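Encoded as structure tokens, the structure appears first; notes follow it.
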Ligand code: FES
Ligand code: MG
């Protein structure tokens, strides 16, 4: 270990500033009131932040409250000085109107902390969906050495002898409840059984996906993402991560050296292979944008679409986090990709080694859960990038499209992949809930449900509502899902065939705003198109009518968010923030 940092630690500017002894004294004295000594703070050792995302109101990340002790021990043992501080909490399931509003808020808060305090490097604690991108976006803006420590998924959930996975079981129970097959008590008990321990969602929802993304980007130690939260290996990983970040501080190995275009393409390919959440799309776009890396919609299709599904994990597969971890987790999936040259093995990672070196001897030990590239669970697990006259871009996860669905919507037998249906349009999720059972809408098995007003500006934050459930009359007939289109998102644990993230959103003048119930929509999966079957003249005429209402902002942040947010397809970033990447680093 080199004890001379590649560049002087910035914290010494606070604590050993010879030109401003008065200020150094002022900075030092208050850290002593919990027992730190001037010697420690003036020793030239790096100050390592632990960005704490866990708390009582963010239960998915609460394991980090305990893990931080072990992380701090690792930092100490490697010669650093740990300082833990809170990050604005983000709890996916609970935050109203939606947790998506808080990704940019947590980002902003963390940038100010990393920039404005004497922190030389940081451990980013991640777990629940948006905590991962918020942390990484902030670290890349300030560009101090950073490492991701995932909190890990919950243990596998069991109910009546069956695996029950986070979120996925809620969507399934909701259908059973609506069809009168289970009562409220059974519903609640099944949900409770799906959450048997500390940790984040145990399915391949957005949390597991985004932690896999952090690993695929090269930002966490190898194998970090999949370790279940309560396992001993999780605390051992916290210790190792604490040790490693001190080295990263000395080496000045900052995110800008790791977050290259290759790293982002590695993330896209990995997302496909794990059957990852559609929410990864805006988060990856946002992280790339903040990192100054050009990533396009087309990249998702060129690099991701053809990758087969290798992880047999719910909602696309059968198993949950524990089996997935034992099978080898993210490195075992990436190992498969590497053998087929579907990965950039030379990418730099926080281990100090290349991605290919990290993946040595990491092949799957359980072929039922992590399959070989040549014998996948399903072909083409990536997202299809769609365009058409309803939006410029949207994405669709085709791996969840069932055979019965394919048959029902075929326009002409034999013409695989072309669907047509009658649009039924809802103005946001309240309208959907109020009217979905209304028989006058005439919803049948050839309807396409459309939800607008659910994008970043419309909702605000972009609601996870596009996975709309059919009315109970259809559920009772065994029709479990209808195709849906929307300018919002859907839960990563959902298994609906949906066209998501339609951009520009209706609230920003997108064509979805012009659609009416009864219009015919054609979806062509072969061409990647989705069009309303109306003439340009008719659409132009509808443009002159008043646009759908947008609900008023209810808090100051909602207004700021709406005034600063970009399109979902570009990551729904706070657009003005992306220019600070180079500014902040230069000033540090
Ligand atoms: Fe927090 Fe899924 S709700 S991880
Ligand atoms: Mg979610």
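The values are calculated or read from the model by the stated rules, or taken from the named source; none is laboratory data. Remember, it's a predicted structure, so these values are computed and weren't measured experimentally. Because the Cβ atoms are built from the backbone with ideal geometry, glycine has one as well, and the counts that use them run over all protein chains shown.
Please verify whether the stretch 108-123 includes one or more residues that are farther than 21 Å from residue 254 by Cα and either touching a residue at least 40 places away in the same chain (Cβ under 8 Å) or in contact with a helix residue (DSSP H, G or I) (Cβ under 8 Å, 6 or more places away or on another chain) (or both). Among the residues of the stretch 108-123, not one is farther than 21 Å from residue 254 by Cα and either touching a residue at least 40 places away in the same chain (Cβ under 8 Å) or in contact with a helix residue (DSSP H, G or I) (Cβ under 8 Å, 6 or more places away or on another chain) (or both), which makes the answer no.
Among the residues in the stretch 412-422, are any at pLDDT 85 or above, within 30 Å of the chain's Cα centre (by Cα) and over 19 Å from residue 463 (Cβ atoms)? Even if it seems obvious, please write down each step before you answer.
The initial filter retains those residues of the stretch 412-422 that are at pLDDT 85 or above, namely 418-422.
Now drop any that are not within 30 Å of the chain's Cα centre (by Cα), which leaves 418-419.
Going one step further and asking which of them are over 19 Å from residue 463 (Cβ atoms), we end up with 418-419.
Yes, the stretch 412-422 contains a residue that is at pLDDT 85 or above, within 30 Å of the chain's Cα centre (by Cα) and over 19 Å from residue 463 (Cβ atoms).
With respect to the conditions (1) away from ligand 1 (no atom under 16 Å from the Cβ); (2) in contact with a helix residue (DSSP H, G or I) (Cβ under 7 Å, 6 or more places away or on another chain); (3) closer than 20 Å to residue 517 by Cβ; (4) modelled with pLDDT under 90, residue 465 lacks only one, and its number is (1). Between 248, 217, the distinction of being crowded, with 23+ Cβ neighbours inside 10 Å, touching a strand residue (DSSP E or B) at 6+ places or on another chain (Cβ under 7 Å) and either in contact (Cβ under 8 Å) with a residue 24 or more places away in the chain or under 30 Å from residue 464 (Cα atoms) (or both) belongs to 248 only.
Of the numbered criteria (1) within 16 Å of ligand 2 (Cβ to nearest atom); (2) at pLDDT 95 or above; (3) touching a helix residue (DSSP H, G or I) at 6+ places or on another chain (Cβ under 6 Å), the one residue 146 fails is (1). When the stretch 40-75 is filtered for residues that are in contact with a strand residue (DSSP E or B) (Cβ under 7 Å, 6 or more places away or on another chain) and within 16 Å of ligand 2 (Cβ to nearest atom), the ones remaining, listed by number, are 53, 60, 61.
Can you tell me which residue in the stretch 178-199 is farthest from residue 314 (Cα to Cα), limited to those that are within 16 Å of ligand 2 (Cβ to nearest atom) and in a loop (DSSP other than H, G, I, E, B)? Going through the qualifying residues, I end up with 199. Considering 291, 316, 298, the condition of being over 30 Å from residue 231 (Cα atoms) and within 18 Å of the chain's Cα centre (by Cα) is satisfied by 291 alone.
Does residue 428 satisfy being in contact with a strand residue (DSSP E or B) (Cβ under 8 Å, 6 or more places away or on another chain) and modelled with pLDDT of 95 or more? Don't jump to the end; show me each part of the working.
Working: in contact with a strand residue (DSSP E or B) (Cβ under 8 Å, 6 or more places away or on another chain): yes; modelled with pLDDT of 95 or more: no.
Criteria not met by residue 428.
Under the condition of being surrounded by fewer than 17 Cβ atoms within 10 Å (Cβ to Cβ), out of contact with any helix residue (DSSP H, G or I) (no Cβ under 7 Å at 6 or more places or on another chain) and part of a loop (DSSP other than H, G, I, E, B), the residues counted in the stretch 353-380 number 8. Taken over the stretch 215-269, the residue count meeting the criterion of being within 18 Å of residue 52 (Cβ to Cβ), part of a loop (DSSP other than H, G, I, E, B) and over 23 Å from the mean Cα position of the chain (by Cα) is 0. Restricting attention to the stretch 263-272, does a residue exist that is under 22 Å from residue 125 (Cβ atoms) and in contact with a strand residue (DSSP E or B) (Cβ under 6 Å, 6 or more places away or on another chain)? No, the stretch 263-272 has no match at all. Only one of the numbered conditions (1) surrounded by fewer than 24 Cβ atoms within 10 Å (Cβ to Cβ); (2) touching a strand residue (DSSP E or B) at 6+ places or on another chain (Cβ under 7 Å); (3) modelled with pLDDT of 95 or more is not met by residue 438, and that is (2).
Among 202, 211, which is the only one that is at pLDDT 95 or above, surrounded by 24 or more Cβ atoms within 10 Å (Cβ to Cβ), assigned to a loop (DSSP other than H, G, I, E, B) and within 13 Å of ligand 1 (Cβ to nearest atom)? Please lay out each step first, then the result.
Numbers: 211 fails: assigned to a loop (DSSP other than H, G, I, E, B).
Sole residue among the options that is at pLDDT 95 or above, surrounded by 24 or more Cβ atoms within 10 Å (Cβ to Cβ), assigned to a loop (DSSP other than H, G, I, E, B) and within 13 Å of ligand 1 (Cβ to nearest atom): 202.
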